[in-house]
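This report refers to the structure that appears directly beneath it.
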Amino acid sequence: MQKFADEAIIEVSSGNGGNGCVAFRREKYVPLGGPSGGDGGRGGDVVFEVRRNLRTLAHLRYKQVFKAENGRDGEGSQKYGRHGEDVIVPVPPGTIIKDADTGELIRDFGKDEGRFVFLKGGNGGWGNVHFKSSTNQAPRKALPGQKGETRRLKVELQVMADIGFVGFPNAGKSSLLDRFTNARPKIAPYPFTTKIPNLGILNIDDRDIILADIPGLIEGASSGAGLGIRFLKHISRTAGLAFLIDLSDEKYLEAFDILKGELEAFSNDLVQKKRIIVGTKLDLEGTQDRLEELRQRYPKETVLGISVFTGQGLTELSHAFAQMVTDMDGGGQ
């Protein structure tokens, strides 16, 4: 079974600061010598960086401990210790970082992009050169470096897309993604073909629209049934939703209400998103009449019909997606 790495527990540690040095000069013609111990170097930081070429958290399953380098100790002749190297933790866009023990949200890379310094390394300790005074010409005191910090983190990934496809297994989500984009999801005439979210890019009117095929839901998904519950959180990142309904299925008139109910049970925010209902498989006998019945049942919803096999309705649907994203960019949800 293909696995989608969307969660990981990792341990991160910043580096310890280097110790300050106790040293004295041994120079000719300097009668009393003097302190010359340098400071320790600062420990390395723990830094998270968004890498757009990453799609999952699979790399965090193979490496779960990230430790920055310790700072080097100071040396004589006022030589300062070298700073420790930072440790970089690469993450894909849409990553959320939480404290593994308390669940506290630390960073949401769906809202904040770029580089995030999470833990600072410990400062280096002072060498004895700092403690010279008129009454203490030969101090034998130096400070140890400050310790770094260690934290356990839960790293979660939520897929980021403009429009998410929602529907029961075999509703045609993967086929539509394959037709519209350069994605190549697995397609077969049996339920639960899609076991991981798939992303594709639809280019229309010189604009790229990111589409997400979310694994199919079944009734009771919000309570843990089927595969869908694990991926409902990914729908929360999408700006809008397309409800795909198989017009050849006998429960075609009930499908939208069931799907909407599962989303609402998981999060009320999901049903507030802009949406469109898409009746699929119009190439099959009797589905055109069923599409009209669907429109009559939901007069306040935008209901379109398509056939991926013949191409019927795909142009209209692509423009509807583009308009949906344009409306959302204009300030709507």
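Structure summary
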quantity	calculated
Candidate set: segment 62-114, residues that are among the hydrophobic types (A, V, I, L, M, F, W, C) and assigned to a loop (DSSP other than H, G, I, E, B); chosen: the one modelled with the highest pLDDT	ALA68
Condition met for THR310 (on the phi < 0 side of the Ramachandran plot, open to solvent by less than 40 Å² (accessible area, probe 1.4 Å) and among the hydroxyl-bearing types (Ser, Thr, Tyr))	no
Per-region count, segment 270-282, residues open to solvent by 70 Å² or more (accessible area, probe 1.4 Å) and either out of contact with any helix residue (DSSP H, G or I) (no Cβ under 9 Å at 6 or more places or on another chain) or among the aliphatic types (A, V, I, L, M) (or both)	1
Answer from GLY216, GLY167, GLY228, GLY200 - the residue that is in contact with a Phe, Trp or Tyr (Cβ under 8 Å, 6 or more places away or on another chain) and at pLDDT below 60	GLY216
Subset of segment 86-109 [without any contact (Cβ under 8 Å) to a residue 60 or more places away in the chain and more than 11 Å from the chain's Cα centre (by Cα)]	ASP86, ILE88, LYS98, ASP99, ASP101, THR102, GLY103, GLU104, LEU105, ILE106
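Here's the yes/no breakdown for (1) more than 16 Å from GLY74 (Cα to Cα); (2) buried (at least 18 other Cβ atoms within 10 Å of the Cβ):
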| site | (1), (2) |
| --- | --- |
| GLU104 | yes, no |
| GLY110 | yes, no |
| TRP126 | no, yes |
| HIS130 | no, no |
| SER134 | yes, no |
| ALA138 | yes, no |
| GLY145 | no, yes |
| GLY148 | yes, yes |
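The values are calculated or read from the model by the stated rules, or taken from the named source; none is laboratory data. Remember, it's a predicted structure, so these values are computed and weren't measured experimentally. Virtual Cβ from ideal backbone geometry, glycine too; neighbours counted across all protein chains shown. SASA here: full protein model, heavy atoms, side chains in, ligands and nucleic acids out. Shrake-Rupley method; radii C 1.70, N 1.55, O 1.52, S 1.80 Å.
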